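Written out below as structure tokens is the structure these notes cover.
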Amino acid sequence: MRRATNPGLRGSDIKRNGVSKNKTWIMMKRYKVIYLLLLFPIASFAVFNYAPLYGLLVAFKQYRPAQGIFGSAWVGFKWFEQFLTNPYFWRVFRNTVLLGFYNMVFGFPAPIIFALLLNEITRARYKKVVQTVTLLPHFLSMVAICSMIIGLLSPTYGAVNKMLAAFGIRPIYFMAEPGWFRTIFVATDIWQGIGFSSILYLAAIAGVDQEQYEAAMIDGANRFQRAWHITLSAIKPTICILLILSVPSLLRANFEKVLLLYNNATFEVADVISTYLYRLGLEQGQLEFSTAVGLFNAVLSFLLVLSSNKISKMLDNASLW
């Protein structure tokens, strides 16, 4: 009795496929310990990142804990419509976008400029000291950072107001002035993250061919011209990729920092989507509404990534995919 074979495969294809499968099986047996170790992060990612996704159904239901997610009544886009017509929508959306936009405009170029300046330092010891000092704030907890900010800007014993008093300027209630909140938020974000964010740019700069600098020096190019035409051009792909990755931050203001710094006086300019979600979900127990708001924010962030990736690919042929 003849064995049935796939008429679309020739003998050489069957042999090649068999060899490929055997080789794969041999490699898996040889490195089985590594594959077993790989199971733990995969399982962790699946359990904590993918398994909870079914909870997004709450955004489309009249959730009742006694009935469960699947037993609760389906209400469609009711909560999304309620959020878009809510009088607080434009306030939290505007504040979130403005904080993200200011962070993008002032915070994104800061580590690039810092890395370029740091690259020009010729003394290795001084360079290491500067890099270490600017890196330390990144490892401080957000509670410690916000406590330092409030202490430094205190109208009674803060160092900033004491310096202003030395010039005859009356104390300023920085943390109670709505006009100062965004400036303080963005400036301290830059201070905290500039050292850590510059590491990737310094790594990219380290890979630049030194012969290009030598040729530019022979041609009479000064330091600024070398940094602009050689260094910045060489790290342009890195800048594009990191810019694409940072675009979703337009809709993701630092929740912990806003929560620790804002108060009743600055509520109008400091309340963002994440703090609004916190009040709705944890304080008021509106799980369906808060889930809908979070999903709305996540979808917009995803669309921003797709758009920025497409634009970057069209302009400079640098993209994530």
May I ask you to list pairs of residues, at least six apart or on different chains, whose Cβ atoms are under 7 Å apart, with the first in region 103-127 being touching a residue at least 60 places away in the same chain (Cβ under 8 Å) and farther than 17 Å from residue 199 by Cβ and the second being acidic (Asp, Glu) and surrounded by 12 or more Cβ atoms within 10 Å (Cβ to Cβ)?
103/189
Does any residue of region 237-260 turn out to be of a type outside the set (Ser, Thr, Tyr), under 27 Å from residue 59 (Cα atoms), in contact with a helix residue (DSSP H, G or I) (Cβ under 7 Å, 6 or more places away or on another chain) and without any contact (Cβ under 8 Å) to a residue 24 or more places away in the chain?
yes
So is residue 112 assigned to a helix (DSSP H, G or I), outside the structural domain of residue 266 (by TED's automatic domain parsing) and surrounded by 13 or more Cβ atoms within 10 Å (Cβ to Cβ) or not?
no
Given the conditions (1) free of Cβ contacts under 8 Å to residues at least 12 places away in the same chain; (2) among the small types (Gly, Ala, Ser); (3) closer than 20 Å to residue 264 by Cβ, report the number of the one that residue 159 does not fulfil.
(3)
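Residues are listed down the side, and each one gets a yes or a no for (1) over 16 Å from residue 119 (Cα atoms); (2) at pLDDT 90 or above; (3) surrounded by fewer than 18 Cβ atoms within 10 Å (Cβ to Cβ):
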{"site": "192", "(1), (2), (3)": "yes, yes, no"}
{"site": "195", "(1), (2), (3)": "no, yes, no"}
{"site": "201", "(1), (2), (3)": "no, yes, no"}
{"site": "209", "(1), (2), (3)": "no, no, yes"}
{"site": "220", "(1), (2), (3)": "yes, no, yes"}
{"site": "255", "(1), (2), (3)": "yes, no, yes"}
{"site": "259", "(1), (2), (3)": "yes, yes, yes"}
{"site": "266", "(1), (2), (3)": "yes, yes, no"}
{"site": "272", "(1), (2), (3)": "yes, yes, no"}
Any residue in region 137-151 that is more than 25 Å from the chain's Cα centre (by Cα) and either free of Cβ contacts under 8 Å to residues at least 60 places away in the same chain or in a loop (DSSP other than H, G, I, E, B) (or both)?
yes
Name the helices (runs of 4 or more DSSP H) wholly within region 209-321 that hold at least 2 residues that are of a type in the set (Ser, Thr, Tyr)?
236-246, 273-278, 287-316
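The values are calculated or read from the model by the stated rules, or taken from the named source; none is laboratory data. These numbers come from a predicted model, not from an experiment. Virtual Cβ from ideal backbone geometry, glycine too; neighbours counted across all protein chains shown.
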